[in-house]
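A short write-up of the structure that comes next.
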Amino acid sequence: MKDIETYEDCLLMVEKFYDKLLIDPEISHYFVHLDLKTHIPRVADFWAFILVDKAGYSGNMMAAHAKLPLKESDFKQWLYLFQETVQENFIGEKAQLAVERSKLIAWTMTSKMGK
């Protein structure tokens with residue numbers, strides 16, 4: 001395995017993550033109706049901005065998710081699946097950063113949503 005080094009690595013990570021999300025019995029209902037052809041590259045842009053300093057992401061992740069009826073258990077499952085995906089596909093400093101940032105994202109979102 002290698003570390004996350006490029007946008008393509010971020011895209012692979014997100015695609016494999018969404019493969020898990022779409023079949024997960026607990027949280028798939030949040031994802032099955034998305035237009036994945038536009039959503040996955042946008043999520044990959046977000047992670048590439050964080051992990052490999054790729055310019056171009058200008059979204060507001062919190063605002064995009066604030067209107068969803070998310071529960072703390074949803075974030076726990078999201079976090080579990082994300083970390084599992086990273087650990088199955090990558091190893092190294094950026095992979096560890098992805099795991100740490102995912103924890104921070106889950107904590108921030110649950111804190112701001114009061115969940």
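Please specify each residue of segment 18-45 satisfying the condition of being in contact (Cβ under 8 Å) with a residue 40 or more places away in the chain and in contact with a Phe, Trp or Tyr (Cβ under 8 Å, 6 or more places away or on another chain).
Selection gives Leu21, Ile27.
I'd like to check which helices (runs of 4 or more DSSP H) are fully inside segment 1-95 and have at least 3 residues that are modelled with pLDDT under 95 and surrounded by fewer than 13 Cβ atoms within 10 Å (Cβ to Cβ).
Of the helices (runs of 4 or more DSSP H) lying wholly inside segment 1-95, those with at least 3 residues that are modelled with pLDDT under 95 and surrounded by fewer than 13 Cβ atoms within 10 Å (Cβ to Cβ) span 61-66.
Between a residue in segment 1-17 that is touching a residue at least 40 places away in the same chain (Cβ under 8 Å) and any residue that is in a loop (DSSP other than H, G, I, E, B) and aliphatic (A, V, I, L, M), which pairs come within a Cβ distance under 6 Å, given they are 6 or more apart or on different chains?
Met1/Ile91
Can you tell me how many residues within segment 100-109 are of a type in the set (Val, Ile, Thr) and surrounded by fewer than 17 Cβ atoms within 10 Å (Cβ to Cβ)?
Matching residues across segment 100-109 total 1.
Just the residues that are of a type in the set (Asp, Glu), over 14 Å from the mean Cα position of the chain (by Cα) and closer than 25 Å to Gly56 by Cβ, please, taken from segment 11-42.
Of everything in segment 11-42, just one residue is of a type in the set (Asp, Glu), over 14 Å from the mean Cα position of the chain (by Cα) and closer than 25 Å to Gly56 by Cβ, namely Asp35.
The values are calculated or read from the model by the stated rules, or taken from the named source; none is laboratory data. Values in this document were obtained by computation on a predicted structure and should not be read as measured data. Note that each Cβ is placed from the backbone with ideal geometry, even for glycine, and that neighbours are counted across all protein chains shown.
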